[in-house]
Amino acid sequence: MSESEASSLGRRRLASQLAEAVAAALRDDLRERERVLLVVSGGSTPVPFFQALATQALSWERVQVTLADERWVAPQAEDSNERLVREHLLTGLAASATFVPLITDDATPEQGAEAVNARLAGLAWPASAVVLGMGDDGHTASLFPDSRELGLALSSDERVVAVRTPSQPRPRITLSAARLHQARRHFLHLNGENKREVLSRALAGDDVRELPIRVFLACPLAVYWAP
Ligand SMILES: O=C(O)[C@H](O)[C@@H](O)[C@H](O)[C@H](O)COP(=O)(O)O
């Protein structure tokens, strides 16, 4: 087996382990609650996790799914997180889950944020699980170090905040740090040596504006990392 094949196999195994842990969390909460909420991230890392989670047997018709953040693009766009979730998670056994999108028909996230805030109000908070990713710059969700709205997203009591980020081609909308904290469990899913090094740096410091992932290092966080 080549090194890249071994790495790919390890990442798939990690994704399956994360899917089993998240499914177990949903099943546990479904014993106590009529509806449960799962918050997931976009990007490339989650795809095998979504695919593995979609095969898990549970009462998906009682599960609400929303995103930690979204690019302000049409749901059919190549870089839409909603498209990623619909294609890879809301299939198979998980097809009966209720997806709650973070975008509206408004031209900008600033114009749409109020409606999205209202939409999210009725969900089954606190979420059973929030599954976060992390970029090489230490961002998570759309809490980016170079975003001029980072301070607002870190301090706001609003459910979502519109953010614009020089390092990102699209305007975005993100759950606020406070809302992302309103979960019974937090998972961080990441791969590769670069992200392990960034996470190590994050663990060694406390400036959340330098590495926003630090916001979630103060709460119990199950880190799922593969080389
Ligand atoms: O919309 C997004 O891009 C995600 O929500 C974002 O926070 C993601 O988790 C990181 O950027 C890591 O992305 P990768 O998994 O593609 O490295």
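For this structure, a couple of remarks:
- The one condition in (1) within 15 Å of the ligand (Cβ to nearest atom); (2) open to solvent by 10 Å² or more (accessible area, probe 1.4 Å); (3) assigned to a helix (DSSP H, G or I); (4) touching a strand residue (DSSP E or B) at 6+ places or on another chain (Cβ under 8 Å) that Arg170 fails to fulfil: (3)
- Qualifying strands (runs of 3 or more DSSP E) (wholly inside region 27-141; at least 2 residues being within 15 Å of the ligand (Cβ to nearest atom) and not hydroxyl-bearing (Ser, Thr, Tyr)): 36-40, 63-67, 69-71, 129-132
- Scanning region 1-16 for residues that are more than 17 Å from the chain's Cα centre (by Cα) and in a helix (DSSP H, G or I) yields Glu3, Ser4, Glu5, Ala6, Ser7, Ser8, Leu9, Gly10, Arg11, Arg12, Arg13.
- Filter pass, Ile213 being over 29 Å from Glu20 (Cβ atoms), within 14 Å of the chain's Cα centre (by Cα) and among the hydrophobic types (A, V, I, L, M, F, W, C): no
- Subset of region 90-119 (residues that are without any contact (Cβ under 8 Å) to a residue 60 or more places away in the chain, open to solvent by less than 20 Å² (accessible area, probe 1.4 Å) and in contact with a strand residue (DSSP E or B) (Cβ under 7 Å, 6 or more places away or on another chain)): Ala97, Val100, Val116, Asn117
Yes/no per residue for (1) within 16 Å of the ligand (Cβ to nearest atom); (2) part of a strand (DSSP E or B); (3) surrounded by fewer than 20 Cβ atoms within 10 Å (Cβ to Cβ); (4) among the small types (Gly, Ala, Ser):
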site: Ala178; (1), (2), (3), (4): no, no, yes, yes
site: Phe187; (1), (2), (3), (4): yes, yes, no, no
site: Asn194; (1), (2), (3), (4): yes, no, yes, no
site: Glu197; (1), (2), (3), (4): yes, no, yes, no
site: Ala202; (1), (2), (3), (4): yes, no, no, yes
site: Asp207; (1), (2), (3), (4): no, no, yes, no
site: Ile213; (1), (2), (3), (4): yes, no, no, no
site: Cys219; (1), (2), (3), (4): no, no, yes, no
site: Trp225; (1), (2), (3), (4): yes, yes, yes, no
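- Residues that are open to solvent by 50 Å² or more (accessible area, probe 1.4 Å), within 15 Å of the ligand (Cβ to nearest atom), part of a loop (DSSP other than H, G, I, E, B) and out of contact with any Ser or Thr (no Cβ under 9 Å at 6 or more places or on another chain) do not occur anywhere in region 145-163.
- Top-ranked residue of region 66-82 - restricted to ones that are in contact (Cβ under 8 Å) with a residue 60 or more places away in the chain and open to solvent by 10 Å² or more (accessible area, probe 1.4 Å), ranked as nearest to the chain's Cα centre (by Cα): Arg71
The values are calculated or read from the model by the stated rules, or taken from the named source; none is laboratory data. On a predicted model such as this, the values are computed, not experimentally measured, just so you know. Neighbour counts are summed over all protein chains in view; Cβ atoms, including those assigned to glycine, are modelled from backbone coordinates with ideal geometry. Surface accessibility is based on the protein's heavy atoms, side chains included, excluding ligands, DNA and RNA. Shrake-Rupley method; radii C 1.70, N 1.55, O 1.52, S 1.80 Å.
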